[in-house]
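See below for the structure under consideration.
The values are calculated or read from the model by the stated rules, or taken from the named source; none is laboratory data. Since we're looking at a predicted model, the values are computed, not measured. Positions of Cβ are generated from backbone atoms using ideal geometry, with glycine treated the same way; all protein chains shown enter the neighbour counts.
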Amino acid sequence: MTSNKIKGSVELTRPLNCLITMASIAAACFISGGTKEKWPEILLASVVGALVAAGANAMNDYFDVEIDRINRPDRPIPRGAVTRDEARMFSVALSSVGVLLNVWLNLTALGIALIAVVSLYFYNSHLKKTVLTGNLLVAAMTGLAFVYGAVVIGRPERSIVPALFAFLVNLARELVKDVEDVEGDSRNQAITLPVKYGTKTGIFLASVVMTTLIVTTLAAYMMQMYSLTYLYLVLAVDVLLIGGMTLMWKDSSPRGMGRVSNLLKLSMAVGLAAIFFGSFP
């Protein structure tokens, strides 16, 4: 295997997204009462999440090759680093290992991982080209990562707030990405919200979701669910969200929306830190 193919295979997985998934599950485990005695389970659950996410990301590139030739020609398949068949086989291998590792955790965790893999496959193959359905599914899968982590520890009820936070952040990001990709999606007959109703509608709905997220983050503190540390960090999240909303109304070009997408990624990371550190007195 050449270095170019190895690099392309790694890029297929979108390593940053996989790391965020790992952090989400690890945070969910600790928030749900995970202790140092549970480190083996927490580490294994985090690896499972990364493998499932990596498999889904590779499968996304497999199905989106024609769209990527327009929107992201530097992705591994369009530029020739890996073939479509190689991406498909890589995806299946990653997802299969991710599901099977749950044998060492518990059956509920295995069931959640299997549901995630199947759901993400149908998202990539069919639902991504439908208005809002695909967006909602991807956001739900991100929230499910928190539920999964809590199930591993045995305290699923403590995953509600972080799961809701993750759902809203990623729903906003999905809508932003659709605006960013509207040209390629339109050419390839992907019926996304911006394609069907216009980019302004997509930006408006993303703004509604981001505003809801700001209210939710503040409400969690006002309900005394987290400490003052949470408030300090979550205010930074809210500033990022306000900045993102301002930017996308000023610049809805692919470059501008890409910057908003990156701000939402950062918001997710800081938000996870807020929830984790805010769980301690």
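In region 30-41, the residue that is modelled with the lowest pLDDT out of those that are part of a helix (DSSP H, G or I) and surrounded by fewer than 22 Cβ atoms within 10 Å (Cβ to Cβ) is K36.
When A220, A206, A172 are screened for being part of a helix (DSSP H, G or I), modelled with pLDDT of 90 or more and surrounded by fewer than 23 Cβ atoms within 10 Å (Cβ to Cβ), only A220 passes. Among all residues of region 185-198, there is at least one that is assigned to a loop (DSSP other than H, G, I, E, B), touching a residue at least 40 places away in the same chain (Cβ under 8 Å), of a type outside the set (D, E) and on the phi > 0 side of the Ramachandran plot. Please go through region 1-29 and give me each residue that is under 24 Å from I153 (Cβ atoms) and surrounded by fewer than 18 Cβ atoms within 10 Å (Cβ to Cβ), ordered by number. Across region 1-29, the qualifying residues are N17, L19.
Results for (1) crowded, with 19+ Cβ neighbours inside 10 Å; (2) assigned to a helix (DSSP H, G or I); (3) in contact with a Cys (Cβ under 8 Å, 6 or more places away or on another chain), shown as yes or no for each residue.
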{"position": "A109", "(1), (2), (3)": "yes, yes, no"}
{"position": "L120", "(1), (2), (3)": "yes, yes, no"}
{"position": "Y123", "(1), (2), (3)": "yes, yes, no"}
{"position": "K128", "(1), (2), (3)": "yes, yes, no"}
{"position": "V131", "(1), (2), (3)": "no, no, no"}
{"position": "L136", "(1), (2), (3)": "no, yes, no"}
{"position": "G143", "(1), (2), (3)": "yes, yes, no"}
{"position": "G149", "(1), (2), (3)": "yes, yes, yes"}
{"position": "V152", "(1), (2), (3)": "yes, yes, yes"}
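Scanning region 256-281 for residues that are out of contact with any helix residue (DSSP H, G or I) (no Cβ under 8 Å at 6 or more places or on another chain) and either closer than 16 Å to T216 by Cα or outside any helix (DSSP H, G or I) (or both) turns up just one, P281. Inspection of region 74-96 finds no residue satisfying the criterion of being outside any helix (DSSP H, G or I), aliphatic (A, V, I, L, M) and within 15 Å of Y148 (Cα to Cα).
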